[in-house]
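Please read the structure below before turning to the comments.
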Amino acid sequence: MCIILKHLKVMFVLAFVFLCLSSISHAAESQNQGRVLRISNDSEPVSIDPQLCNTVESYRIVRDLFEGLVCENAEGEICPAAATSWTLSPDGKVYTFTLRDNLKWSNGDPVVAEDFVYALRRGVDPKIASQQSYLLLPIINAQDIIKNARRPEELGVRAISANTLEIRVTNPTPYLIDILAGPIAMPVPKAVIEKFGKEWLKSGNIVSNGPYVMETWVPHERIVLKKSQSYWDRDNVNIEKVCFIPNEFHTTAVRQFVAGEVDIAFAVPINQFKAVAKQYSEALFTHPHLAIYFFGINIDHPTFKDNPKLRRALYYAIDRKVLCEKIVLGNGEPAYTFTPPFVKGYQPPKVQLADEPYEKQLKLARQLFADAGYSFEKPIELTISFNTGEDHKKIAIAVAAMWKKAFNANVTLRNEEWKVFISNLKSDVTSEIFRMGWVANYNSPHAFLDIFASDDSSNMVRYSDKIYDGLLKQAGDILDINERHRVLSLAEERLLYAQPIIPLFFMKSRDLVSKDIEGFKPNILNRHPTKYLRFKATT
């Protein structure tokens, strides 16, 4: 009897402790329910239309509002989303997706396979003119549709049933699943778009299927999203509201973070990095991600046309170690190839002298410079153009100094506002050399190398080589991933020898995250959907 009473007493105490802890936990959650996650989000998004958005700041918002067949988890790995599962035919050319039974749009309508068919057709429709349409090229007939040689209805996608979708590709495409996690493949509501036209994205009109819905959009001030009550996984969405604050100047974003005005600030400026790392080390997240900073060369310009030796001379004359350590302050890794060495399963080609001291590279650079018909006595005139930004200016100044030392080159720097800069690139009015950055949409060498295909819309350097195009096509026909990557490495080797680009460094993420936030995990894609974040419980 005494033993039983003793056990009952212990159980009572444990139950009381549990109730106290539960009360504290519920009180902490209640305190956090009214909190809004505030994110400094670079510039005002050009578009949050899944098929039209093409910038990082747009992607962050779109990934909260919409969800595709698959998505990336907090670690950046592909996982099921709107689709619970999928199968692949033995020849690697037919994907069949099974959708969840409880999918709904934010207005309560069911999300069905036909919604994905509509979105994918829209993504390649020349009337929409998506800059991301090239991502869907593996799908049967996509290329002809983009070129207006076929109708969007002829795209290799179909709804077998309300919750079964089939996608057929021309050749085996192991990275297709990664592509389908991106905005270009996210469903959009046909009835809403047909009703409102271009106004369908406005607050009050927009209908979405993701973990959040639009609450307010005040242009150039804020975009506020609130948790969706119709989202299939809403019970695992912890943050009730998220506010995206447009901010073109990263220095201002850092100041806002320090003042407690934002909870997350992306891309700490280089000139502030050391101070920020020292004072806010626990809040600073740095991690390699699939992005490269490089210079493009206008190979149609008389200075560079038919002169690959000159282009290669400029490539070898850059001291990337100094650039990474002294200029970008450890926030980059020297890049001699265009594809990062940490792309999944891929081995970039070996580059001559890449592992040798800079002095040897400089010697080769000067030899190539002479072979190209130039000398110290007759200095070459060059112009580097870049869009407004202190980091871009610092890098351009450093490279100009290296070329001055190597060749006695007279380098002019030209700063342009972003819209003017991009307009010049597209209209071929740009200077000879221009700064560029590329952030991969998915983890594959294709995400880097396909953009230099002759007919690719992202080919800003206008590189055109039938052999390079042929190697890309050959790789696309290969199902074995190791053999595919071997052929892609040959293509990259050819690209680097032609030198329409000058890789400088592989970029690292530089993100500031409040100590009150949990679930922010550095990953190679540097993507952090709000769905996976939460406020720490307060006591």
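Read the figures in this text as sums done on the coordinates, not as results from a lab. All values derive from a computational prediction rather than experimental measurement. We place every Cβ from the backbone using ideal geometry, glycine too, and count neighbours over all the protein chains shown.
Among Leu525, Asn298, Ala119, whose Cα lies farthest out toward the positive end of the dipole of the chain, if unit charges sit on the beta carbon of Lys, Arg (+1) and Asp, Glu (-1)?
With unit charges placed on the Cβ atoms, the residue in question is Leu525.
Just in region 350-390: which trypsin sites (Lys or Arg not before Pro) are loop by DSSP and have at most 13 other Cβ atoms within 10 Å?
Working: sites: Lys350, Lys360, Lys363, Arg366; in loops: Lys350.
The qualifying sites are Lys350.
Give, rounded to the nearest 20 debye, the magnitude of the charge dipole that region 274-314 has about its Cα centre when Lys and Arg contribute +1 at Cβ and Asp and Glu contribute -1 at Cβ. Could the numbers behind the result be given before it?
On the way: 6 positive and 3 negative charges, 41 e Å.
Dipole size: approximately 200 debye.
Which of Leu69, Ile223, Ala142 sits closest to the plus end of the dipole of the chain, meaning its Cα is farthest towards the positive end, when Lys and Arg get +1 and Asp and Glu get -1 on the C-beta?
So the residue furthest toward the plus end is Ile223.
Out of region 317-424, which chymotrypsin sites (Phe, Trp or Tyr not before Pro) are coil in DSSP terms and have no more than 11 other C-beta atoms within 10 Å? Kindly include the intermediate steps, with their values, before the conclusion.
Working: sites: Tyr336, Phe338, Phe342, Tyr346, Tyr358, Phe369, Tyr374, Phe376, Phe386, Trp403, Phe407, Trp418, Phe421; in loops: Tyr336, Phe338, Phe342, Tyr346, Tyr374, Phe376.
Passing sites in region 317-424 do not exist.
Please work out how much length the chain gains when fully extended from Thr96 to Glu221, using 0.36 nm per residue of separation minus the C-alpha to C-alpha distance, in nm with one decimal. Intermediate results must be reported in sequence, preceding the final value.
Numbers: separation 125, 0.36 × 125 = 45.00 nm, distance 4.21 nm.
The span from Thr96 to Glu221 would gain 40.8 nm if fully extended.
Compute the distance from the alpha-carbon center of region 516-539 to that of region 359-382, in whole Å.
50 Å
Helix-derived [θ] at 222 nm for the chain: sum -39500 (n - 2.57) over DSSP H runs of at least 4, divide by residue count, nearest 500? Write out the running numbers ahead of the final one.
Values: 15 runs with 173 residues, N = 539.
Here the helix-only value at 222 nm equals -10000 deg cm²/dmol.
Over 26 Å between Cα atoms: which of Lys321/Lys521; Lys127/Lys419; Lys393/Lys531; Lys274/Lys531 fall into that group?
Working: Lys321/Lys521 28 Å; Lys127/Lys419 23 Å; Lys393/Lys531 36 Å; Lys274/Lys531 31 Å.
Lys321/Lys521; Lys393/Lys531; Lys274/Lys531, as the Cα separations exceed 26 Å there.
Run the numbers for Ser43 and Ser89: contour at 0.36 nm per residue of separation, minus the present Cα-Cα distance, in nm. Before the final figure, lay out each step's value.
On the way: separation 46, 0.36 × 46 = 16.56 nm, distance 4.27 nm.
Contour length minus Cα-Cα distance gives 12.3 nm.
I need the phi-derived Karplus couplings for region 219-226: 6.51 cos²θ - 1.76 cosθ + 1.60, θ = phi - 60°, integer Hz, Gly and Pro marked x.
Whole-Hz 3J(HN,Hα) from phi for region 219-226: x, 6, 10, 6, 10, 10, 10, 10.
Working from the alpha-carbon coordinates of region 382-539, get Rg over Rh, Rh being the Kirkwood radius. Display every interim value, and only then the final one.
Numbers: Rg = 19.9 Å, Rh = 18.9 Å.
Ratio of gyration radius to Kirkwood radius: 1.06.
Which distance in nm do the two modelled labels at Asp233 and Val258 give, with both placed 7 Å along the Cα-to-Cβ direction?
Label-label distance for Asp233 and Val258, simple model: 3.7 nm.
Give the calculated FRET efficiency between Val439 and Ser464 to the nearest 0.05, with a Förster radius of 22 Å applied to their Cβ-Cβ distance. Please list the in-between numbers first.
Numbers: r = 24 Å, r/R0 = 1.08.
Efficiency for this residue pair is about 0.40.
So how strong a dipole does the chain carry about its Cα centre when Lys and Arg Cβ are +1 and Asp and Glu Cβ are -1, to the nearest 20 debye?
Numbers: 64 positive and 62 negative charges, 174 e Å.
So the magnitude is around 840 debye.
If you plug each phi of region 211-217 into the Karplus form 6.51 cos²θ - 1.76 cosθ + 1.60 with θ = phi - 60°, what whole-Hz ³J(HN,Hα) values come out, in order, with x for Gly and Pro?
Coupling constants for region 211-217: x, 10, 10, 6, 9, 9, 9 Hz.
Rank Phe448, Val461, Asn482 by how far each Cα sits towards the positive end of the charge dipole of region 447-500 (+1 on Lys, Arg Cβ; -1 on Asp, Glu Cβ) and give me just the farthest.
Toward the positive end, the furthest listed residue is Val461.
For region 150-265, compute Rh as the Kirkwood radius over C-alpha pairs and then the Stokes-Einstein diffusion coefficient at 25 °C and 0.890 mPa s; write the answer in µm²/s, rounded to an integer. If you can, show how the numbers build up before the last one.
On the way: Rh = 17.8 Å.
Here the translational diffusion coefficient equals 138 µm²/s.
I need the phi-derived Karplus couplings for region 414-425: 6.51 cos²θ - 1.76 cosθ + 1.60, θ = phi - 60°, integer Hz, Gly and Pro marked x.
Per residue, the Karplus-derived 3J(HN,Hα) values read 10, 8, 9, 5, 3, 5, 5, 4, 5, 4, 5, 4 Hz.
What FRET efficiency, computed as 1/(1 + (r/R0)^6) with R0 = 22 Å and r the Cβ-Cβ distance, is obtained for Arg150 and Lys190, rounded to the nearest 0.05? The partial results should precede the final answer.
Numbers: r = 20 Å, r/R0 = 0.92.
Once the sixth-power term is evaluated, E becomes 0.60.
With +1 on each Lys and Arg Cβ and -1 on each Asp and Glu Cβ, and nothing else charged, work out how big the dipole of region 290-509 is about its Cα centre, in Debye to the nearest 20. Mind dumping the intermediate values first?
Values: 28 positive and 27 negative charges, 104 e Å.
Magnitude of the dipole: close to 500 debye.
Work out the FRET efficiency for Glu356 and Lys426 from their Cβ-Cβ distance, taking R0 = 56 Å, and round it to the nearest 0.05. Walk me through the numbers on the way to the answer.
On the way: r = 38 Å, r/R0 = 0.68.
Using R0 = 56 Å, I get an efficiency of 0.90.
Taking every pair of Cα atoms in the chain, average 1/r, invert it to obtain the Kirkwood radius, and report Rg/Rh to two decimals.
Details: Rg = 25.9 Å, Rh = 25.4 Å.
Here the Rg-to-Rh quotient is 1.02.
Looking at the chain, what % of its DSSP beta bridges pair antiparallel, to the nearest 5? All intermediate terms of the calculation are to be shown ahead of the outcome.
Details: 53 of 69 bridges.
For the chain, the DSSP antiparallel bridge percentage is about 75.
With each pseudo-label sitting 7 Å past Cα toward Cβ, what's the Asn415-Glu325 distance in nm, one decimal?
Taking the two extended label points, one gets 2.9 nm.
How much length is gained if the chain between Glu483 and Ala275 is pulled fully straight, taking 0.36 nm per residue apart and subtracting their Cα-Cα distance, in nm to one decimal? Kindly include the intermediate steps, with their values, before the conclusion.
Values: separation 208, 0.36 × 208 = 74.88 nm, distance 4.62 nm.
That works out to 70.3 nm of additional length.
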